[in-house]
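Asker: Okay, handing you the structure first.
What follows draws every value from the coordinates through simple rules; no lab data is involved. This structure is a prediction, so every number in the text was calculated from the model and none was measured. All Cβ positions, even for glycine, are placed from backbone atoms using ideal geometry, and neighbour counts span all protein chains on display.
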Amino acid sequence: MSVIDCSHVSIRYITGDFKSIGLKEYIVRRLTNNYHVKEFWADKDITFQLEKGDMLGIIGTNGAGKSTLLKAITGIMVPTGGEIKVKGNIAALLELASGFDGDMTVRENTYLRGALLGYTRRFLDEKYDEIIRFAELQDFQDYMFKQLSSGMKSRLAFSIACLVNPDILILDEVLSVGDGAFRKKSGDKMKEIISSGVTAILVSHVMPQVRELCNKILWLDHGKQVIFTDDAELACDAYEEFLAEKKKKPPKTVEEMRTLQRAWHIRQEKETAEKAKKAAEKAAKEAKAAHEKAEADRKALQE
């Protein structure tokens with residue numbers, strides 16, 4: 001039984017209507033015959049299913065419709081067309097600063113964010129120390145949230161979302177924040193969460209991260225679904241080659257994706273060989289310099 005079922009989901013934005021330009025401007029434009037409404041489809045006919053324990057990586061260039069789709073899955077937005085069925089409670093990190101109050105302390109914000117996720121005071125009392133410890137904010141509990149760095153804010157948001165054991169965890173470009181040590185720790189935590197049976201969705205431009213964590217891939221391009229597959233290696237290889245070649249149009253068939261994949265592997269082999277060549281040349285140059293220095297030192301001693 002699927003945990004998340006998206007069936008032919010489409011999401012449309014309308015620009016230029018009276019909601020976006022204001023009633024006064026709307027009336028003026030109507031009277032001057034200068035009223036135009038434009039439609040923009042952020043997502044068009046997206047279909048996929050996730051089972052318990054799946055981790056979906058959503059990839060695509062900026063403007064592909066990734067974040068908009070996540071907002072629809074979490075219930076923030078209502079699809080213009082299609083249907084989304086979700087079973088279980090969701091913890092979503094879509095915008096790191098959302099759900100926090102800059103004038104409240106780290107301690108107060110931890111309880112506030114937890115409450116917004118639907119957790120009781122007793123539960124948060126039990127989890128509080130663990131959340132703060134994971135976020136590495138033991139010395140900042142009484143600081144105002146607005147005084148924290150962006151990395152600290154992201155650590156707290158990630159810690160709250162992960163340590164309250166959601167059924168579904170949605171992450172939008174949040175595992176790539178913080179220093180290297182915290183990125184590794186957050187990645188390890190994600191593996192632990194997934195192994196416990198949580199269903200997760202990750203949007204990230206960091207492809208090594210997607211490759212390591214995700215067992216399914218949804219590739220979007222300008223709001224359209226390129227592919228949804230459990231062959232994560234194929235999708236990631238093809239996508240990286242698509243970016244490297246700066247192609248304007250994504251592949252339409254699996255065979256076209258395999259062609260991109262083969263080209264990606266050839267590119268990787270060439271880059272590996274080039275790196276090895278440069279390393280060998282550098283080693284040879286250093287060895288020659290060391291030999292020449294040794295000879296110079298020997299001659300100096302003889303003189």
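Asker: May I ask which residue of Val210, Val28, Tyr128 lies farthest towards the positive end of the charge dipole of the stretch 4-232, with charges of +1 (Lys, Arg) and -1 (Asp, Glu) on Cβ and the Cα centre as origin?
Answerer: My answer, from the dipole projection, is Val28.
Asker: Per residue, how much space in cubic angstrom lies within the convex hull of the C-alpha atoms of the chain?
Answerer: 242
Asker: Packing-wise, with mean Cβ within 10 Å as the measure, how do 218-224, 84-90, 110-116 rank, highest first?
Answerer: 218-224, 110-116, 84-90
Asker: May I pose another question? Compare the peptides 225-235, 183-193, 265-275 by average per-residue count of other Cβ atoms within 10 angstrom and give them in order, highest first.
Answerer: Packing proxy ranking, top to bottom: 225-235, 183-193, 265-275.
Asker: Next up: I need the Debye-formula profile for the stretch 59-183: one equal scatterer per C-alpha, no solvent, reported as log10 I(q)/I(0) at q = 0.11, 0.18 1/Å, two decimals.
Answerer: Relative scattering, expressed as log10 I(q)/I(0), comes to -0.40, -0.99.
Asker: If you average the sequence gap of Cα pairs under 8 Å that are 6 or more apart and divide by the length of the chain, what percent do you get for the contact order?
Answerer: 21
Asker: Another question, if that's okay. Between 0 and 90 degrees, rounded to the nearest ten: what's the tilt of helix 180-195 against the longest Cα principal axis of the chain?
Answerer: Value to nearest ten degrees: 60.
Asker: Identify all lysines with a Cα-Cα distance to Lys293 below 21 Å; exclude those on the same chain that are fewer than 8 residues away in sequence.
Answerer: Once the sequence-local lysines are set aside, what remains near Lys293 is Lys282, Lys285.
Asker: For helix 254-302, what angle does its Cα long axis make with the longest principal axis of the chain, in degrees from 0 to 90 and rounded to 10?
Answerer: The answer is roughly 30 degrees.
Asker: On to the next question. Going through the cross-link list Lys44/Lys185; Lys24/Lys85; Lys247/Lys275; Lys24/Lys224; Lys184/Lys224; Lys44/Lys216, which pairs have a Cα-Cα distance over 30 Å in this structure?
Answerer: Lys44/Lys185; Lys24/Lys85; Lys24/Lys224; Lys184/Lys224, as the Cα separations exceed 30 Å there.
Asker: What fraction of the DSSP beta bridges in the chain is antiparallel, stated in percent and rounded to the nearest 5?
Answerer: 55
Asker: Under 20 Å from the Cα of Lys278, which aspartates and glutamates turn up, not counting those fewer than eight places away in the same chain?
Answerer: Counting by Cα, and skipping residues close in sequence, Lys278 has these aspartates and glutamates nearby: Glu269, Glu286.
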